[in-house]
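The values are calculated or read from the model by the stated rules, or taken from the named source; none is laboratory data. Owing to the predicted nature of the structure, the values given are computational and were not obtained by experimental measurement. Because the Cβ atoms are built from the backbone with ideal geometry, glycine has one as well, and the counts that use them run over all protein chains shown. Note: accessible area is taken over every heavy atom of the protein model, side chains too, but ligands, DNA and RNA are not part of it. Shrake-Rupley method; radii C 1.70, N 1.55, O 1.52, S 1.80 Å.
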Amino acid sequence: MKFFIDTANLKEIQEAQDLGVLDGVTTNPSLMAKEGISGKNNVLKHYKAICDIVEGDVSAEVIATDFEGMIREGEELAELDEKIVVKIPMIKDGVKALKYFSEKGIKTNCTLIFSAGQALLAAKAGASYVSPFIGRLDDISFDGIQLIEQIRTIYDNYGFDTEILAASVRNPIHIIRCAEVGSDVMTGPLSAMLALLNHPLTDSGLAKFLADHAKTNA
Ligand code: E4P
């Protein structure tokens, strides 16, 4: 399973990259706003800075919600760097834009997926990735992982190439469950990735190894 980091924070992206397990980055307008990035030029510069840190795909979301606007913004984003994946919302004009970009060979990530029907539609329109938001589903007492399983079955039934990018991942259990049910990618915060490191028996085991070594090497 690929690991994407869900942030626009350059320091965190660099830290995840340095760990050696990072496959890409996802951003959204809220994450860009959190970093205080505003104005078209600054936004484009920031995406470029992210592309310069990572080796894999970098999702950059359009703001427009009409077909022409999404095409205009998406083409501009795609020209920035070959790593850019144009992030398109799951709305009617968005589906048309997915089809347009797929025919042009521009990679897309269909965002705000909350049902299997939406994921099916996005795959039929040629999306490169779909982003089911599992954490936000869990927040309202729907099973986010069950949605990933459903989409996995549908995509496997028909051999869709669209990759399932589990989004809105909040914790290490989300990551492990996504891997168990065959999500292609997960995107989450650095904290969730780092939490995978932790086990009390690892800590106590290492402390004992080091203590024993110190005893005989004093
Ligand atoms: C997906 O690409 C979104 O950026 C993101 O995963 C949303 O996560 P949140 O629900 O934690 O805001």
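The table below gives the values:
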item	result
Long-range neighbours under 8 Å by Cβ, at least six apart or interchain, first residue farther than 18 Å from residue 108 by Cβ within segment 20-40, second open to solvent by less than 30 Å² (accessible area, probe 1.4 Å) and away from the ligand (no atom under 12 Å from the Cβ)	21/193; 22/13; 22/16; 22/54; 22/56; 32/46; 35/46; 37/46
Breaking point among (1) near the ligand (Cβ under 10 Å from one of its atoms); (2) open to solvent by less than 10 Å² (accessible area, probe 1.4 Å), for residue 170	(2)
Checking residue 86 against (1) aliphatic (A, V, I, L, M); (2) in contact with a strand residue (DSSP E or B) (Cβ under 7 Å, 6 or more places away or on another chain); (3) closer than 25 Å to residue 14 by Cβ; (4) more than 16 Å from the ligand (Cβ to nearest atom), the condition it does not meet	(4)
Matching residues in segment 167-186 - criterion: being of a type in the set (A, V, I, L, M), under 18 Å from residue 24 (Cβ atoms) and assigned to a helix (DSSP H, G or I)	175, 179
Residue 30, sole failed condition from (1) out of contact with any strand residue (DSSP E or B) (no Cβ under 6 Å at 6 or more places or on another chain); (2) within 13 Å of the ligand (Cβ to nearest atom); (3) open to solvent by less than 20 Å² (accessible area, probe 1.4 Å); (4) not β-branched (Val, Ile, Thr)	(3)
Residue selected from segment 48-72 under the condition among the acidic types (Asp, Glu) and over 24 Å from residue 13 (Cα atoms), by the criterion nearest to the ligand (Cβ to nearest atom)	66
Subset of segment 127-146 (residues that are away from the ligand (no atom under 14 Å from the Cβ) and surrounded by 19 or more Cβ atoms within 10 Å (Cβ to Cβ))	145
Residues located in segment 187-208, provided they are within 13 Å of residue 5 (Cα to Cα) and assigned to a helix (DSSP H, G or I)	190, 191, 192, 193, 194
